[in-house]
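**Q** Submitted below is the structure of interest, expressed as structure tokens.
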Amino acid sequence: MRRHAIITLTAVLALSGCSATAAPGSPASTTPEVSASATPTASTAPATTPSAAPPDAAVAGCDTIMTDDEYAALAADGLTLDPDIRALDDTMQSLMDDGFGCYWTRGGGDVAVWYAQAEQDDDSWAAQKQGLLDSGWTQTDDPVPGVLQAGADHDPNYSPVVVHLDGVTHYASYSDYLASVTALLG
């Protein structure tokens, strides 16, 4: 009976994560030792280091670039973020190549909203801006100073705009959406 109790106790201890040691004068246990820790010894969680950036300089993404009111308006219009984005035009594609793009659409409808942004130095922006102006884009300064709008030869359903501010170039399929981009709000 005592041997049965030791084997049962060893099994219980092994299953609970504790190791059993043989009592003096009894045979050594053949049960492998199980670690008491259920988690690996090396941490797999990323270190949480305080950021030097101010709290409002959160990493931009399709779910953080606009105001809460704009996200609510998109949802009210039945528009949802579509992960299968396609660029509206070459200007948007150039920004997506160096940054990211967003595409909100609703199933069964032809209404869509595009947005893209990328970090861009002032010299690169100046060259792109001149290229856009040369191809028919015009400066409207609407809804923020510096906005350029696509020319009349663009898709008649959309009037894309682009603006550069603080090292970031922003693109939207409609000028109204730039007024909802938090980074452009004064």
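All of the numbers you see were taken from the coordinates with simple rules; none came from a lab. Treat the numbers as computed from the prediction; the structure is a model and nothing was measured. No Cβ is skipped: glycine too gets one built from the backbone with ideal geometry, and neighbour counts run over all protein chains shown.
**Q** For the pair Asp98 and Ala127, how long in nm is the line joining their label points, each one 7 Å along Cα→Cβ?
**A** Taking the simple label geometry, Asp98 and Ala127 are separated by 0.8 nm.
**Q** Further question on the same structure: Where does the charge balance sit around Asp98 when Lys and Arg score +1, Asp and Glu -1, over other residues with C-beta under 13 Å from its C-beta?
**A** Neighbourhood net charge equals -3.
**Q** Separate question: Using θ = phi - 60° and the Karplus relation 6.51 cos²θ - 1.76 cosθ + 1.60, list the HN-Hα couplings for segment 141-150 in order, rounded to whole Hz, with x at every Gly or Pro.
**A** With the stated coefficients, segment 141-150 comes to 6, 10, x, 10, x, x, 5, 10, 10, 4 Hz.
**Q** So if each residue of separation counts as 0.36 nm, and I subtract the Cα-Cα distance between Asp134 and Val111, what length gain in nm does that give?
**A** Taking Asp134 through Val111 to full extension adds about 5.4 nm, to one decimal.
**Q** For the pair Asp176/Asp63, report the inter-label distance in nm, with labels modelled 7 Å from Cα in the Cβ direction.
**A** Between Asp176 and Asp63, the simple spin-label model gives 2.6 nm.
**Q** Got a sec? How would Trp114, Trp125 order by Cβ neighbour count within 10 Å, fewest to most?
**A** Lowest count first: Trp125, Trp114.
**Q** At a 10 Å Cβ-Cβ cut-off, how would you order Thr169, Thr80, fewest neighbours first? Don't jump to the answer; show the numbers that get you there.
**A** Working: Thr169 22, Thr80 12.
The most exposed by this proxy come first: Thr80, Thr169.
**Q** Would you list Leu184, Leu133, Leu88 from fewest to most Cβ contacts within 10 Å?
**A** Leu133, Leu184, Leu88
**Q** Taking Cα centroids, how far is segment 94-125 from segment 131-186 in Å?
**A** The distance from the Cα centre of segment 94-125 to that of segment 131-186 comes to 11 Å.
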